[in-house]
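Take a look at the structure below.
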Amino acid sequence: MKLDNTDVRILKVLQENGRLSFRQIADRVKVSVPTVSSKVGSMENMGIIKGYTATLDPEKLGGISVVLSIKTKPVDIKKVAEQFQENESVRQIFMLSSGKLMLMCTFHHQHLINDFLSKMADIHEIIEFDIANIVTVVKENQRATVTPESSVVLTCNYCKKEIHDNAYKVKKDDREYYVCCPVCQKGFEVKYDGIKADSVNVKA
């Protein structure tokens, strides 16, 4: 599924400043406010726009940022990654094609790094790891880049598989959902209508 030129321009404006109003975005992109509202809503539903947050400087907040590279057996990599998901100091987790995990972490005291590493010793699936402090940030942009060639990989709202080809659009209660095939479309509609009916019955 391809983005059109208006989608691309809207996303570029939002990447520069996510605090802009729809009217301000419309003025910059040269389209109507309803067009911006509709397109932003659609891209939120598709998961392209994940949220709107402030970008904070960890060093200005007294943080010590480190990069961890962790080696495990391929069969254990997901299990090990799950061990870190709820840890507030672990800011990003990446599974690499090399079979390793890469963690971006921020701590506010050196002893917290030591405590973290001590707890890692209890994760027996970890074979080895490397750690390095981030000394200087040379460049730090969002990973997403937006170009006219950008295509959207959707997730089926029913079977949860990725959709690389044409998606089927289902509109329910002024919101758009995407499924991969007519079978999932039927299943999604039945499930959605059932949940909605149950909700109405509970309120009654």
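Here are the numbers for this structure:
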{"item": "Proximal aspartates and glutamates relative to LYS139, as straight alpha-carbon distance under 18 Å, when same-chain residues fewer than 8 apart are discounted", "result": "GLU16, ASP57, GLU59"}
{"item": "Dipole-positive endmost among GLN110, LEU20, PRO34 within the chain (Cβ charges, Cα centre)", "result": "PRO34"}
{"item": "222 nm mean residue ellipticity, helices alone, for the chain (DSSP H n ≥ 4; -39,500 (n - 2.57); rounded to 500)", "result": "-11500 deg cm²/dmol"}
{"item": "Listed residue pairs exceeding 29 Å between alpha carbons, taken from LYS100/LYS171; LYS12/LYS60; LYS79/LYS186; LYS2/LYS79", "result": "LYS100/LYS171; LYS79/LYS186; LYS2/LYS79"}
{"item": "Highest-MSF residue in the chain out of ARG28, ARG143, ARG19 [GNM, Cα springs under 10 Å]", "result": "ARG143"}
{"item": "Acute angle (nearest 10 degrees) that the helix 33-45 long axis makes with the longest principal axis of the chain, alpha-carbon atoms", "result": "50"}
{"item": "Local net charge near CYS159, Cβ-Cβ under 13 Å (Lys/Arg +1, Asp/Glu -1)", "result": "+3"}
{"item": "Nearby aspartates and glutamates by direct alpha-carbon distance to LYS30 (threshold 16 angstrom, same-chain neighbours under 8 apart not counted)", "result": "ASP4, ASP7"}
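The numbers here are math on the coordinates, done by the rules we state, and not lab data. Being a predicted model, the structure only gives us computed values, none of them experimental. Note that each Cβ is placed from the backbone with ideal geometry, even for glycine, and that neighbours are counted across all protein chains shown.
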